[in-house]
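I have placed the structure first, in the form of structure tokens, so that the comments after it can refer back to it.
The values are calculated or read from the model by the stated rules, or taken from the named source; none is laboratory data. Given the structure is predicted, the values throughout are model-derived calculations rather than measurements. When we count neighbours, we look across all protein chains shown, and the Cβ atoms used for this are built from the backbone with ideal geometry, even at glycine.
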Amino acid sequence: MRRGLSFILLTLLVFSASGCGIFFHAGGPKPVTKKMLVTGYDAGQKSCGWRYKWGCFLLPAVYAYGPHEGERKIVGVTSDGTKAKHGTIAADVSRYPYGTRMHVPGYGWGVVHDTGSAIKGDHIDVFFEDEDDAQEWGRQWLKVIIEKPE
């Protein structure tokens, strides 16, 4: 009897340690699926709200407009300081904080690293390297899997 109980406990320990813990929930928040408006953006002027300020020494500096008007901007860097790349998502960080993982059908997995003045509520922006690809994506209502950080 004791040997059988030890075997069962050992088996459960191995399964949970190997990531196959089918008997236990990891304890973190469960992923949820939500219908969201998904648009595409790129690092260009139209998508990210910046413009050249001519008259600077040698090359024109880039300045933001909108809520950060007049502040110097580094093109291609998100609001949390990471470099934008495929998988970068802009979201309403009051609802979906930085680090939230999302699976967008037709795009794949991404992580919230950015915000946007027009991104409110259940609207997210997925990053594309090319403006044409972002334009081609357009506006889509999709069922997105959301995994908020702990």
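Observations, loosely collected:
- Subset of the stretch 127-150 (residues that are buried (at least 17 other Cβ atoms within 10 Å of the Cβ), at pLDDT below 95 and either assigned to a strand (DSSP E or B) or out of contact with any strand residue (DSSP E or B) (no Cβ under 9 Å at 6 or more places or on another chain) (or both)): F127
- Scanning the stretch 93-120 for residues that are assigned to a loop (DSSP other than H, G, I, E, B), in contact with a strand residue (DSSP E or B) (Cβ under 7 Å, 6 or more places away or on another chain) and within 17 Å of Q140 (Cα to Cα) gives P105, Y107, I119.
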